[in-house]
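One structure is given below, encoded as structure tokens.
Derivation of every value follows stated rules applied to the coordinates shown; laboratory data play no part. The structure presented is a predicted model; accordingly, all values stated were derived computationally and were not measured. Ideal geometry is used to build each Cβ from the backbone, glycine not excepted, and the neighbour counts take in all protein chains shown.
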Amino acid sequence: MNELQQLAEALRALDTRTMASIAGAVALIALLLVLWRWYRRRRAAAARLAMVTGGAFEYLRDVLVPDGQGAALHVDFLLLTARGCVVVDMRDIAGNIFGGDQMTEWTVMHREQRYTFANPQTGLYDRIAAVRALIAELPVEGRVVFAPRGRFPKGLPRFTLMLASIAAEFPPAERAQSGAVPEAWRGDWTRLVAACKPSSLVAPKAAI
């Protein structure tokens with residue numbers, strides 16, 4: 001009887017050790033998955049940042065630009081490029097997007113959903129105007145840049161780009177060929193940087 005009891009206790013101890021080993025292995029696998037997903041997100045974010053800013057001498061990200069009326073406008077990116085300052089409005093919208101320059105609202109069709117959002121060109125024009133009010137000679141233009149999850153089956157409206165195309169629109173080669181920022185632009189850029197403040201709206205905006 002004693003031998004049977006000892007055997008049963010040994011089996012119970014073995015089961016406990018086995019379960020503990022399995023639980024430890026599962027926890028390790030879960031931790032590795034979390035770390036891998038974090039690494040992938042971080043790497044993707046770094047790649048997106050490089051795509052947006054690759055053609056810029058300098059840039060500001062997620063800032064508030066005074067609008068001249070006591071308020072401020074959030075700007076995702078301000079790029080100092082060989083062609084001047086570029087105001088970038090990032091949009092992360094999934095699905096087919098239908099929009100036009102004269103439309104007050106653009107439509108998104110994604111799976112079973114259909115919804116509209118305000119024409120982002122209007123907000124872009126406001127941001128460009130706010131930046132121009134702070135500078136003298138630095139040229140200013142703007143783009144609404146859409147993440148790869150969105151598509152424009154009918155073509156891109158004016159001043160809109162897909163993320164993959166921004167490097168072609170403002171290539172690093174232009175920055176390299178120009179050599180340096182013109183001195184008149186440098187003063188404007190310095191004033192613009194000084195006027196901007198950090199913004200709490202740090203994530204790419206969706207449709208609404």
> Expressed as an acute angle from 0 to 90° and rounded to the nearest 10, what is the orientation of the C-alpha long axis of helix 2-53 relative to the principal long axis of the chain?
Replying inline: 10 degrees
>> Once you place label points 7 Å from the Cα toward the Cβ at R12 and L32, how far apart are they in nm?
In response: 3.4 nm
> Taking a temperature of 37 °C and a viscosity of 0.692 mPa s, what whole-number D in µm²/s does Stokes-Einstein yield for the stretch 54-198 with Rh from Kirkwood over alpha carbon pairs?
Replying inline: 204 µm²/s
>> So if I take the centroid of the Cα atoms in the stretch 149-197 and the same for the stretch 117-136, what is the distance between those two points in Å?
In response: 14 Å
> R0 = 22 Å: FRET efficiency of A176 with A136, Cβ-based, nearest 0.05?
Replying inline: 0.25
> Which stretch or stretches of the stretch 70-95 have amide N atoms under 12 Å from the point lying 7 Å from R191's Cα along the Cα→Cβ direction?
Replying inline: none
> Nearest-5 percent of antiparallel DSSP beta bridges in the chain?
Replying inline: 65 percent
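FRET efficiency for Q102 and A167, Cβ-Cβ distance as r, R0 = 25 Å, nearest 0.05? Display every interim value, and only then the final one.
Details: r = 29 Å, r/R0 = 1.17.
The pair Q102/A167 has a calculated efficiency of 0.30.
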